Amino acid sequence: MMLRIRSRDGLERVSVENPHATTVSDLKRIIQTQLGIPVHNQTLSTNQNLLLAKSLEDLLRFTDMSNLDASLSSLNLGHGSIVFLAYEGERRVAGPAFNPAGSFGRKMTMDDLIAKQMRVTRQENPHCELVSFDRDCANAFQHYVNDTLAFAVKRGGFMYGTVSEVGKVEVDFIYEPPQQGSEDNLVFFRDPEEEKFVEAIAVGLGMRKVGFIFTQTITQDKKDYTLSNREVLQAVEYHAESGLKEWATAVVKLEVNEEMGGADVHFEAFQMSDVCVRLFKEGWFETEIKEDDDPKLSKMKKDVVVGVKDTREVDNDFFLVVVKIADHQGPLSSSFPIENRNTQVTMKALKNHLERSKNLPFVKRISDFHLLLVLARVLDLNADVPALTECVQTQTSVPEGYQILIESMASTA
C-alpha cells in the first residue's frame, strides 16, 4: 500500500506492507527509514491544519494519530491516503536522479528529451458529461452564502449523488464540513468521525461523493481569473483524493451587473484536467503560495512545456475543463438546518422540523440528509442508519419502533 505524506517539503510517498497490521508507531519508523526523519521529531495527523501549527502547543492539539498502537485501517487510511507530517529540524530532500550526458555518460537522444518533458495542453472533453443539481440542495447552499454571508467570505462543501454509465453526475445533497472562510481562502477542518457518518448515510442512499463545491467572494468578481491558484490547488487535491474520473468541481459566485444595478448568482462546473491531476499526484505543484504571487498562475517546482516554451508558471485556465450544468428534483429535501454553520443544530431543530412536516408520511419527513446526519450521531451506525436510509431510498414506511424513537429524541428538546 502507498501512503502520501505531506509536510512543509511537499508531497512524498512511503510504502506500507499491511494496513491492518501496521500501527501508527510502525508508520513513524517507516517514515524514519524511507524519508530520514527521526521518530521522536514527528507529529502525524489526517488534518491538513497540522501544517499551520506554529508552536508545540499548537502541535499538541492534533491527537487523532497520537495513539501509537492504533492500526492504519482503524484510522480509515488506505492506498493513496494523505497523512500530514510536521517535524522539527532540517533534512536534505532527495532530488531527481541525474544522469550526465556527453563523454561521461549515456547521450540524450531526441526521444529521451521528449519523454522527459511534461506538456501542459488544454483538455477539450471532460470525463463528466453533465452535472445536474437537485434544486433544493443548490438553493439551500446559495441562499446561505448570499443572504447570510453576502458572498463576503468563502464557503464550500462536498457534493454527493450518483454517476451514470455515460458520465452524468447528479448531485442530491451537499455536506458542509467544519471550515473557515476568508475573502480569498477556504480551509476545511475535516472531521473523520463526522465524515464516517456522512459516508454511511450516502452508501445507504445508494450515493457517493461526486465533487467539491465552493463560492467565490464579491471581491474576487473583480479579478481576472476563472479560478485562483489556491482554488486550483484545493480543487485538484480533492479530485486526486477521490479517484473518481467523473469528479466535478462547482463554483458559485455573484456576478454584479453594473449597468442594470443588480447581481445574479451563477453556478459553474469544471473538471480538473487529467494533466493537472497527474501533476498534483507527482508533486509538481508549488504548494506554498506567497502574498505577491499572481493568483491567475499556478507555480511548478520544475519546468513544464506550455505551447513552445518552458515555464514554471501555468495559466490556471489550462487546467480547467468546462462541464455542462442542469438541474433536477431529487429524492431528498433540504429544509432541515444544515451542519457546521453559524448556529449549532440541536434536537429542538428536529422537534420543529417534525412539527412543521406532520401532515406528510413519516418517511417523507426524514428524507433529508442533514436530518439523517443528526440521527446518525446517536443511532447505531451499522444497524439503525442502514435501516433508515433504506426506507428513505425506497420510500417505504418507517418501522413503528424507529418512529417512536425519533419522536422521543425530538421531545427531549
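The values are calculated or read from the model by the stated rules, or taken from the named source; none is laboratory data. This structure is a prediction, so every number in the text was calculated from the model and none was measured. Cβ: placed from backbone, ideal geometry, glycine included. Neighbour counts: every protein chain shown. Please note that ligands, DNA and RNA were not included when accessible areas were found on the heavy atoms of the full protein model with its side chains. Shrake-Rupley method; radii C 1.70, N 1.55, O 1.52, S 1.80 Å.
A few notes on this one:
- Residue check, Ser45 within 23 Å of Tyr238 (Cα to Cα), at pLDDT 90 or above and not assigned by the TED database to the domain that holds Pro192: yes
- When each of Val145, Val131 is tested for being crowded, with 16+ Cβ neighbours inside 10 Å, aliphatic (A, V, I, L, M) and within 30 Å of Lys281 (Cβ to Cβ), the lone residue that passes is Val131.
- Residue in segment 26-35 that is surrounded by 12 or more Cβ atoms within 10 Å (Cβ to Cβ) and outside any helix (DSSP H, G or I) present: no
- Meets criteria (among the basic types (Lys, Arg) and at pLDDT 95 or above) for Lys245: yes
- The single residue among Val166, Val203, Val210 that is of a type in the set (A, V, I, L, M), under 18 Å from Phe369 (Cα atoms), surrounded by fewer than 16 Cβ atoms within 10 Å (Cβ to Cβ) and out of contact with any helix residue (DSSP H, G or I) (no Cβ under 7 Å at 6 or more places or on another chain) turns out to be Val203.
- Residues in segment 311-350 that are free of Cβ contacts under 8 Å to residues at least 60 places away in the same chain and under 24 Å from Asp274 (Cβ atoms) were compared, and the one that is most open to solvent (accessible area, probe 1.4 Å) is Arg312.
- Within segment 296-308, the set of residues being open to solvent by 70 Å² or more (accessible area, probe 1.4 Å) and either under 27 Å from Asp184 (Cα atoms) or touching an Asp or Glu at 6+ places or on another chain (Cβ under 9 Å) (or both) comprises Lys299, Lys302, Asp303.
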